[in-house]
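Structure first, then comments.
The values are calculated or read from the model by the stated rules, or taken from the named source; none is laboratory data. Everything numeric here is computed off the predicted structure, so don't read it as measured data. Backbone-built Cβ (ideal geometry, glycine too); neighbour counts: all protein chains shown. With ligands, DNA and RNA removed, areas are computed over all heavy atoms of the protein, side chains included. Shrake-Rupley method; radii C 1.70, N 1.55, O 1.52, S 1.80 Å.
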Amino acid sequence: MTDGLAEFQERQAIAAALEEIGSLLELKGENRFRVRAFRTAARALAGFGGSLRSGLEDGSLARTRGIGPVTLAIIAELLQTGRASLLDDLREEIPAGLVRLIEGAGLSVTRAQLIHERLGIETVEELEAAALDGRLAALPRFGAKTAAGIVKAIADRREASRYRLLHRALAEAETLRSALRQLPGVLRVEAAGEVRRSMEVVSELVMVIVTEDARALERGLGPVAGARLVVATPATAGAALLTATGSDDHLRGLGERAAARGLALADGALTRGGTALPAPDETAVYAALDLPVIPPELREGRGEIELAARGTLPILVERGDLRGCLHCHTRASDGTNTIEQLAVASRKAGYQWLGITDHSQAAAYAGGLRPEQLLRQLEEIDRLNDELAGIRILKGIEADILQDGAIDYDDDLLARLDFVIGSVHSRFGMAADARAMTARILAAMDSPFLTILGHPTGRLLLSRDPYEVDLDAVIARAAERGVAIEINGDPHRLDLDWRHLARARAAGVAISIGADAHSLAGIGNMEFGLAMARKGGLAAGDVLNTLSADEFLAFARRRR
Ligand SMILES: [Zn+2]
Ligand SMILES: [Zn+2]
């Protein structure tokens, strides 16, 4: 085990301790800002460049965004003693058995305590058994429906614990990459696997390490939790990277093509009759199979090999194609920045125009704008457009789609906006009623003011299922009415799911990438939305954000 790797694992352990403190405080019903501080610090650690110990000494850790004096002190304690007294106290206060029930099944503290007292249950397995054999349903204020809900919550959480979200996985992969690059003899390190394919959730980090002396390196490498390390030489790096990246289905398809040419592609090598062929890069391997390089995002075994063989792979949309940043909340509703700050930051990020979309009046919980507030915001945008050069601000709203499908605000007010994103935020028990939800969304698309359907299924990755909705009907209506559908770039949403994009594209539906930014950092969510667009096979021409501001405005006006 080398210093770099030891450092990586120590950092993972400290981040986990901070997360656990956050969770235990939350279980205790502590102030949510305090809870969030620990989670933010855990995330900030993942992104911190360099060694934590030297960062602590030279003060750079203290200056890192997301790490405050309290969390810094705990990080220091963990680095110096390997323990955190706050965590020890919390663990004593909330016994592990209760934590298991609360976290493993999403129970409230009161419910977990009741179950523990009445049934003596301490593990998720015991809880699941009690939910299935009727003991749970018989408890006061429980019933069969609650018991069934608990069984599902347990299953969901079991699934979720195997995965992490893409933005987390990317940060971890980058940290691991820098650690591995410092090992002696390492020429380069590349992230492969699900991260390189931009999967929205990632079960395992896969890193390809290129070195002249694979044996020496392998001897020095210990196992790394949650990651798979592949060692390759410069001569085999292409085959190693390719086989460490593709999904099983993609690799099976390539394997068949290889076999048809008297070759074999397996175990990180391209061989003929047992002899390895030179495969320094992926281009060489694909060329041996008579294929152009297939972009990593597409390597899912969903027809991309056939398209590549016919020379009809889409030319995927790129970062440089994006001209507009859409879906940004300001502090007028539940965001943390002013319009001006967002405008300056999007200009700096290379955008030519910015679509401001605060919440509408029905979203009271999110500080939705009353009509007079919205009117004031429109004036402010006029003023800023006069003052600021190099960025154009467009007037939008993220309007709630009300229960009957109406767009929040009356038409006179909507008519004064440049564009409207319509989103379902309140579900009124429609979550399991596909017909009602579909009718609600289809009705919203009949409004001539709706430009974009926001986060169309309402899912939160690893925590909330999409609501039941007939997506085929939604896509067909969007095509008919000229309404765009959003890929929400919030890494917790990434909604519409990339798997539906080919269908939407084939139907001629325009796709908009929304940052759903609630802060300046949130503008970076555009990158995740872009990754999903690419994964779904979209070209620049399919994506609204590649239009000029005038072209985008014309798109919105066409429906009115
Ligand atoms: Zn929303
Ligand atoms: Zn939003």
For the chain, whose charge dipole is built from +1 on Lys and Arg Cβ atoms and -1 on Asp and Glu Cβ atoms, the candidate among Tyr163, Thr175, Met199 with its Cα farthest towards the positive end is Met199
Short version: ³J(HN,Hα) in whole Hz for each residue of the stretch 182-187, in order, from phi by Karplus 6.51 cos²θ - 1.76 cosθ + 1.60 (θ = phi - 60°), x for Gly and Pro, what are they?
7, 5, x, x, 7, 8
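To check you understand DSSP bridge types, tell me what percent of the beta bridges within the stretch 410-560 (both residues inside) are antiparallel, rounded to 5.
Working: 2 of 11 bridges.
Here the antiparallel bridges make up roughly 20 percent for the stretch 410-560.
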Just to confirm, what accessible area per residue do you get for the stretch 487-560 at 1.4 Å probe, in whole Å²?
32 Å²
Towards the positive end of the charge dipole of the chain, with charges on Cβ (+1 Lys, Arg; -1 Asp, Glu), say which of Gly143, Leu501, Gly50 has the farthest Cα.
Leu501
Apply the Karplus curve 6.51 cos²θ - 1.76 cosθ + 1.60, θ = phi - 60°, to the phi angles in the stretch 400-416 and return the couplings in whole Hz, x for Gly and Pro.
5, 8, 6, 4, 8, x, 5, 8, 4, 5, 7, 4, 4, 6, 4, 5, 7
Need the full-extension length gain, Thr271 to Glu93, defined as separation in residues times 0.36 nm minus the C-alpha distance. One decimal, nm.
58.1 nm
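At a Förster distance of 35 Å, what's the computed FRET efficiency of Arg252 paired with Ala148, Cβ-Cβ distance as r, to 0.05?
On the way: r = 38 Å, r/R0 = 1.09.
Approximately 0.40, to the nearest 0.05.
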Along the charge dipole of the chain, pointing to its positive end and built from +1/-1 on Cβ of Lys, Arg, Asp and Glu, which listed residue (Val70, Val99, Ala216) has its Cα farthest out?
Ala216
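Magnitude of the Cβ-charge dipole of the chain, K/R +1 and D/E -1, about the Cα centre, nearest 20 debye? Can you show the working numbers first?
On the way: 67 positive and 78 negative charges, 71 e Å.
The calculated dipole for the chain is roughly 340 debye.
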Potential lengthening between Ala507 and Leu221 on full extension [0.36 nm per residue; Cα-Cα distance subtracted]:
97.9 nm
Sum up the charges of everything whose Cβ sits under 15 Å from the Cβ of Ser423, counting Lys and Arg as +1 and Asp and Glu as -1, but leave Ser423 out.
-4
For Val231, what residues show an amide H to amide H distance below 5 Å, using hydrogens built from the backbone and excluding near sequence neighbours?
Ile209
Given H placed 1.01 Å from N in the peptide plane, which residues other than close sequence neighbours of Val206 have an amide H under 5 Å from its amide H?
Ala192, Glu194, Val195, Arg228
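How much of the DSSP bridge set in the chain is antiparallel, in percent, rounded to the nearest 5? Could the numbers behind the result be given before it?
Details: 16 of 47 bridges.
Given both bridge residues lie in the chain, the antiparallel proportion sits at roughly 35 percent.
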Would you mind calculating the gained length between Ala73 and Ala479 on full extension (0.36 nm times residue separation, minus the Cα-Cα distance), in nm to one decimal?
140.6 nm
Karplus 3J(HN,Hα) series, Hz, for the stretch 308-315 with 6.51 cos²θ - 1.76 cosθ + 1.60 (x for Gly, Pro)
5, 5, 8, x, 10, 4, x, 8
Summarise the accessible area of the chain (1.4 Å probe, protein heavy atoms) by the percent that is carbon and sulfur.
51 percent
Built amide H within the under 5 Å cut-off of Ile356, gap 5+
Leu394, Gly396
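Sort 390-399, 53-62 for me by packing, meaning the mean count of neighbouring Cβ atoms within 10 Å per residue, highest on top.
Values: 390-399: 23.0, 53-62: 14.1.
Result, highest mean Cβ count within 10 Å first: 390-399, 53-62.
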